[in-house]
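Only one structure is covered here, and it is reproduced in the block below.
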Amino acid sequence: MTSPAARRTLRPPAGYRLAASVRALTFSPYDPCARIAAGSFWWATRTPAGPATLALRPAAGELVAEGYGPGADWVVERADAVAGLRDDLTGFAALAGAHPLVARLAREHQGLRMPATGQVFPRLLRAVFEQKVTGKEAYRAYAATVRHFREPAPGPLQPLLLPPEAAAVAATPYWVFHPFGVEQRRADTLRRAAAVADRLERCADAAEATRRLTAIAGIGPWTAAEVVRIAYGDPDAVSVGDYHVPNTVAWALAGEPRGDDARMLALLEPFRGHRGRVCVLLEAAGIQAPKYGPRAPIRSFAGY
């Protein structure tokens, strides 16, 4: 078996839940770049030092971080952030008390922490594919793209793959993405973002990243929030423009089956600083607004 190039032992707080905390880093149980297997979390990425895979393994109340590949030291040094252990909950308990449901969820899911990968482009790749389509369509496009640029990740877990290099994506004609179910609008948005990925990765914080992201044609507040919540662990990032989240918030916090972005933001205002965290808790609890009408169809742009 491949031996790790770097190793570190972390000591999470009592009640910490690894799978619940890192699940946001996986697109599905079959994500080619990140997955939970036999209780351990595996995450493949590209670092300034080169490709790497991070493994996080629970062991007797501790969390063992192991790194593989040229970027092993980088991922192991950042392992606590990836695991959500740098997540700062200061002040949230007091804010949660503003609503009995949020207070209850904060207690019940206190072991859920928000990860921060420190990387923008890998999450941006997924977020662009998720724009205005169903989850199945988005995953199909994402997985097909990763496999198109196929590069095995270092380490023993196969067939884990590295996310594609931004430069390679930027140099790829839009029509290459067409068979993956991606129309020209999203393909061009992704290529524009990939072309400036180096600048995006140098952003100092979530606010700067949001400004730079939303300056790119085709990227709005929803996409930026999806990215900074994961790249920076931003607990206040709210996905304005989401199809489901405003209804979920309205239903959970006010008993209203439908809500728009304005209503969602008004209901979340008492939790400012942790508004995104409240949305994460509602999702973790499986809370959904009542469903009306037909489901969105799954389309294929490949045949157009």
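The values are calculated or read from the model by the stated rules, or taken from the named source; none is laboratory data. On a predicted model such as this, the values are computed, not experimentally measured, just so you know. Cβ coordinates were reconstructed from backbone atoms using ideal geometry, including for glycine residues, and neighbour counts include every protein chain displayed. For accessibility, only protein heavy atoms count, side chains too; no ligands or nucleic acids. Shrake-Rupley method; radii C 1.70, N 1.55, O 1.52, S 1.80 Å.
Key figures
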| quantity | calculated |
| --- | --- |
| Subset of region 155-173 that is free of Cβ contacts under 8 Å to residues at least 60 places away in the same chain and in contact with a Phe, Trp or Tyr (Cβ under 7 Å, 6 or more places away or on another chain) - its residue that is nearest to residue 189 (Cα to Cα) | 166 |
| Selected residue [under 27 Å from residue 210 (Cα atoms), surrounded by 18 or more Cβ atoms within 10 Å (Cβ to Cβ) and touching a strand residue (DSSP E or B) at 6+ places or on another chain (Cβ under 6 Å)] from 116, 55, 79, 65 | 79 |
| Test: residue in region 92-109 that is closer than 26 Å to residue 5 by Cβ and open to solvent by less than 50 Å² (accessible area, probe 1.4 Å) | no |
| Selection count where residues are surrounded by fewer than 22 Cβ atoms within 10 Å (Cβ to Cβ), farther than 24 Å from residue 115 by Cα and not aromatic (Phe, Trp, Tyr), scope region 235-258 | 6 |
| Residue in region 2-46 that is nearest to residue 226 (Cα to Cα), counting only those that are surrounded by 20 or more Cβ atoms within 10 Å (Cβ to Cβ) and polar (S, T, N, Q) | 21 |
| The listed residue being at pLDDT 95 or above and not assigned by the TED database to the domain that holds residue 127, out of 255, 220 | 255 |
| Qualifying position, being touching a Cys at 6+ places or on another chain (Cβ under 6 Å) and surrounded by 15 or more Cβ atoms within 10 Å (Cβ to Cβ), among 163, 122, 154 | 163 |
| Unmet criterion (only one of (1) under 21 Å from the mean Cα position of the chain (by Cα); (2) open to solvent by less than 40 Å² (accessible area, probe 1.4 Å)) for residue 272 | (2) |
| Of all residues in region 19-44 being among the β-branched types (Val, Ile, Thr) and not in a strand (DSSP E or B), the one that is farthest from residue 111 (Cα to Cα) | 26 |
| Qualifying residue in region 177-192 (condition: in contact with a strand residue (DSSP E or B) (Cβ under 6 Å, 6 or more places away or on another chain), in contact (Cβ under 8 Å) with a residue 60 or more places away in the chain, open to solvent by less than 50 Å² (accessible area, probe 1.4 Å) and among the small types (Gly, Ala, Ser)) | no |
| Region 43-64 residues that are in contact (Cβ under 8 Å) with a residue 12 or more places away in the chain, paired with ones that are open to solvent by 50 Å² or more (accessible area, probe 1.4 Å) and assigned to a strand (DSSP E or B) (beta carbon under 6 Å, 6 or more apart) | 62/9; 64/9; 64/57 |
| Any chance residue 70 is modelled with pLDDT of 95 or more, open to solvent by 20 Å² or more (accessible area, probe 1.4 Å), of a type outside the set (Phe, Trp, Tyr) and in a strand (DSSP E or B) | no |
| Near pairs, Cβ below 8 angstrom, 6+ apart or cross-chain, from region 251-262 (over 15 Å from residue 99 (Cα atoms)) to any residue that is polar (S, T, N, Q) and in a helix (DSSP H, G or I) | 257/247; 258/247; 259/247 |
| Residue among 76, 22 that is in contact with a helix residue (DSSP H, G or I) (Cβ under 8 Å, 6 or more places away or on another chain) and not assigned by the TED database to the domain that holds residue 137 | 22 |
| Region 83-106 residues that are charged (D, E, K, R), paired with ones that are modelled with pLDDT of 95 or more and open to solvent by less than 40 Å² (accessible area, probe 1.4 Å) (beta carbon under 7 Å, 6 or more apart) | 86/80; 86/116; 86/233; 87/114; 87/233 |
